[in-house]
1. Rg/Rh for the range 1-59 to two decimals, with Rh computed the Kirkwood way over all alpha-carbon pairs.
2. If you build the convex hull over the alpha carbons only and average its shadow over all orientations, what do you get for the chain? Give it in nm² to one decimal.
3. State in Å² the accessible area per residue of the chain; use a 1.4 Å probe, count heavy atoms of protein chains only, and round to the nearest integer.
4. Non-local amide H neighbours of residue 63 (under 5 Å, H modeled in plane, Pro and chain starts lacking H): which ones?
5. Counting Lys +1, Arg +1, Asp -1, Glu -1, what net charge surrounds residue 91 among other residues with beta carbon under 10 Å of its beta carbon?
6. Please check which bits of the range 80-102 a label hung off residue 56 would reach, taking the label as a point 7 Å along Cα-to-C-beta and the cut-off as backbone N under 18 Å.
7. Would you kindly state how much longer the chain becomes between residue 117 and residue 101 on full extension, computed as 0.36 nm times their sequence separation minus their alpha carbon distance, in nm to one decimal?
8. Using a Förster distance of 22 Å, how high is the FRET efficiency between residue 68 and residue 27, based on the Cβ-Cβ distance and rounded to 0.05?
Amino acid sequence: QVQLVESGGGLVHPGGSLRLSCAASGAIFSMKAMGWYRQAPGKQREWVGAVTSGGNIVYADSVKGRFTISRDNTKNTMYLQMNSLQPEDTAVYYCNGRRRNGGPDYWGQGTQVTVSS
């Protein structure tokens, strides 16, 4: 089993920045990738981006150039640096872990990001 815990959400003005963290514990080796999703009120959960165990990083077009995913393997932590935030980025952001064996994904509890003036 893997436990994922997000932190770093909050309220920020348009144009501002936030950095989210996702701390992983447990059977981390069982994951082939970790990623971020978000869900705005009344909308479906949306994929934001991911980093594979091999270090490849991909982003959704909606955040490319503004958001940066990184990871610190010494801390078993993945980060999401969000710059130039806009009101449409307001959502609950979830950390995701994709299993190597194809079983159900791991999910964190989510952290709220609100972009408002």
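The values are calculated or read from the model by the stated rules, or taken from the named source; none is laboratory data. The structure displayed is predicted, hence computed values, not measured ones. Because the Cβ atoms are built from the backbone with ideal geometry, glycine has one as well, and the counts that use them run over all protein chains shown. Each accessible area value is taken on the protein alone, full model and side chains, heavy atoms only, with ligands, DNA and RNA left out. Shrake-Rupley method; radii C 1.70, N 1.55, O 1.52, S 1.80 Å.
1. Details: Rg = 13.5 Å, Rh = 13.4 Å.
With Rh from the inverse mean 1/r over Cα pairs, Rg/Rh is 1.01.
2. 6.9
3. Ligands and nucleic acids excluded, the result is 52 Å² per residue.
4. Residues meeting the criterion, in which the H sits 1.01 Å from N, do not exist here.
5. On the way: positive: 38, 43, 45; negative: 46, 88, 89.
Around residue 91, the charge tally is 0.
6. Output list for this probe position: 97-102.
7. Result: 1.3 nm gained on full extension.
8. Once rounded, the FRET efficiency stands at 0.25.
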